[in-house]
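Everything below concerns the one structure shown next.
The values are calculated or read from the model by the stated rules, or taken from the named source; none is laboratory data. Nothing here was measured: the structure is a model prediction, and the numbers come from that model. With ideal geometry, Cβ positions are generated from the backbone for all residues, glycine too; neighbour counts draw on all protein chains shown. These accessible areas exclude ligands, DNA and RNA; they are computed on the full protein's heavy atoms, side chains included. Shrake-Rupley method; radii C 1.70, N 1.55, O 1.52, S 1.80 Å.
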Amino acid sequence: MKNICVFCGGNIHEQMVTAVKEHEGEVFIVENVPAGVCTQCGEREYNATVASKLESILKERKAVQRKELVPVADFNLA
Ligand SMILES: [Zn+2]
C-alpha cells in the first residue's frame, strides 16, 4: 500500500476504522477494519485483501455481533 494520498498528497497512516457500508439496502457497520487513512483529507483506502473480506462480510453477513438502530437523516430537511 502506498503511503501517500492519491487525492491530496498527504501522509497515509495505518489504523483501525469503523467502516459503514451499504449492501442491498441494508446498512452494515464493520468495526476494527484495518485501513490506510490520510492525515490531511481523511480519505480511506483498503488493501485488496481487506476490501474482499469486507465484501464477503456484507454478502454472507459474517461475524455480525449485534444490531443497532442507526439514525437516518434527510439532508434537505435540516
Ligand atoms: Zn488526502
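What to note about this one:
- Scan of segment 45-68 for residues that are assigned to a loop (DSSP other than H, G, I, E, B) and farther than 29 Å from C8 by Cβ, ordered by number: R61, K62, A63, V64, Q65, R66, K67, E68
- Test: G42 is in a loop (DSSP other than H, G, I, E, B), small (G, A, S), open to solvent by less than 90 Å² (accessible area, probe 1.4 Å) and within 16 Å of the ligand (Cβ to nearest atom): yes
- Filtered by the rule that a residue be within 16 Å of the ligand (Cβ to nearest atom), open to solvent by 80 Å² or more (accessible area, probe 1.4 Å) and among the aliphatic types (A, V, I, L, M), segment 3-39 gives I4, V6.
- Evaluation of P71 against the conditions (1) at pLDDT below 95; (2) outside any loop (DSSP other than H, G, I, E, B) shows that the sole unmet condition is (2).
- Annotation note: Cβ proximity below 8 Å between a residue of segment 62-75 that is farther than 12 Å from E26 by Cβ and a residue that is of a type outside the set (D, E, K, R) and open to solvent by less than 100 Å² (accessible area, probe 1.4 Å) (sequence gap 6+ or interchain) occurs for K62/S56; A63/I57; E68/I29.
- Contacts under 8 angstrom Cβ, first residue in segment 18-47 being at positive phi, partner assigned to a strand (DSSP E or B), 6 or more apart: N32/M16; N32/T18
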